[in-house]
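Report on one structure; see the data block that follows.
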Ligand code: SF4
């Protein structure tokens, strides 16, 4: 730089972009874009478009704009000019470009699929009505909070066919955390809940959410929140994240571990790099933190029978004090027609399953393996009003493409609705559809 611009009039103005935006910034492989990453969100911006915009706004030559990285791995933009350049103005210009362009290139780092970022301003999409994202009320004090879709694992029994190997899901969604908290607050108020549980789950790995700590903090700020719990497969857990979540107000983590033996654990996660030892270490770290730990293995007959007993013993070892919630939530394997199933595996009846859990209670001197809603401080409440009847015809426009090939989203009566049978319809197109399902304020319609 110094050699090239040695005339006395020219000065070097530097913007440290890494200090301005809360993303990791790298060059793309061909060095034509910058790649911005925050958690599982990743997107690209063309370096040419940034250079052209700055060249035009500051009346400098395109060739006098340089993109480099320093020894701290910070991303720098150097502008060489005879005129004074206010770098704070240049920063604002770049931020505006990123805000405008990034949403169009977002991808999930887990699934490599298009990520649509849902904010309150995006077509006014309500966060009630979808099974993929938003808030779900099933008539209790527990509200399901779904901040994103997508998962890094490829479990061969996944009931919702998630993960990079999914054959049915073609897009992912991520929701703005303030908008999600506002919707949660609205539902808590509408249901007049005094002891709400915000439960972070989804057709996803909830801990992959890039704004997880902010979300937990936002949910905790509601004075009527009594419990905040989250499901996880453990992939993203770190001691730092667990500490931050504990400080933000997370009450319980439901951690799924399906085997204590590495090769079976890899097989059951669908990932050859599944970090079993790290996840067991994190389980122990949670058990010693302010957050309650519930281990939630799926019992797959003939596949992990001995692992279930090992997990009962492990749980007893690490959760050795009196706890607010049960510490084991063994799940019964069920066949899911729209998910992935393990070849040749049959599910047990709940009667047999519960008898076997009682047997374990006696054998290992543990309690609460057969779970009841009341053990989790859960109780029935009134439901949110359901504004759409089955059979009702809605006349609307395509708002977003859905996750399935023939699925789109539309909005009616302040609810988001999944519409199937709508392959190839463009956004904005008018159409009619019949509501075919409205249970728990989750709406499905078929195009007519
Ligand atoms: S962790 Fe859960 S969501 Fe992810 S693939 Fe496994 S079962 Fe599916």
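Checking residue 371 against (1) at pLDDT below 95; (2) more than 20 Å from residue 144 (Cα to Cα), which test does it fail? Against the list (1) at pLDDT below 95; (2) more than 20 Å from residue 144 (Cα to Cα), residue 371 comes up short only on (2). Take the conditions within 27 Å of residue 199 (Cβ to Cβ) and either in a loop (DSSP other than H, G, I, E, B) or assigned by TED's automatic domain parsing to the domain that holds residue 410 (or both) and apply them to residue 345. Does it pass? So residue 345 fails the test. Inspect all residues belonging to the stretch 71-89 and state whether any of them is more than 16 Å from the chain's Cα centre (by Cα), without any contact (Cβ under 8 Å) to a residue 24 or more places away in the chain and part of a strand (DSSP E or B). No; the residues of the stretch 71-89 include none that is more than 16 Å from the chain's Cα centre (by Cα), without any contact (Cβ under 8 Å) to a residue 24 or more places away in the chain and part of a strand (DSSP E or B). Among the conditions (1) buried (at least 16 other Cβ atoms within 10 Å of the Cβ); (2) within 16 Å of the ligand (Cβ to nearest atom); (3) not in a helix (DSSP H, G or I), residue 273 misses just one, which is (1). Restricting the search to strands (runs of 3 or more DSSP E) fully inside the stretch 124-197 and requiring at least 2 residues that are touching a strand residue (DSSP E or B) at 6+ places or on another chain (Cβ under 9 Å) and within 16 Å of the ligand (Cβ to nearest atom) gives 142-146, 171-175. Comparison of 404, 369 shows that the only residue that is part of a loop (DSSP other than H, G, I, E, B) and touching a helix residue (DSSP H, G or I) at 6+ places or on another chain (Cβ under 9 Å) is 369. Of the candidates 258, 222, the single residue that is under 30 Å from residue 317 (Cβ atoms) and in contact (Cβ under 8 Å) with a residue 24 or more places away in the chain is 258.
Just to be sure before I move on: is residue 433 in a loop (DSSP other than H, G, I, E, B), touching a strand residue (DSSP E or B) at 6+ places or on another chain (Cβ under 7 Å) and buried (at least 19 other Cβ atoms within 10 Å of the Cβ) in the structure I sent? Taking the combined requirement at face value, the residue does not satisfy it. Among the residues making up the stretch 198-229, those that are touching a helix residue (DSSP H, G or I) at 6+ places or on another chain (Cβ under 8 Å), part of a strand (DSSP E or B) and closer than 15 Å to residue 134 by Cα are 198, 200.
Selection of the stretch 230-246 for residues being outside any loop (DSSP other than H, G, I, E, B) and touching a helix residue (DSSP H, G or I) at 6+ places or on another chain (Cβ under 8 Å) yields 230, 231, 232, 239, 241, 242, 244, 245.
The values are calculated or read from the model by the stated rules, or taken from the named source; none is laboratory data. Keep in mind that this is a model prediction, so the values were computed, not measured. Counting neighbours? That spans all protein chains shown, and the Cβs are built from the backbone with ideal geometry, glycine included.
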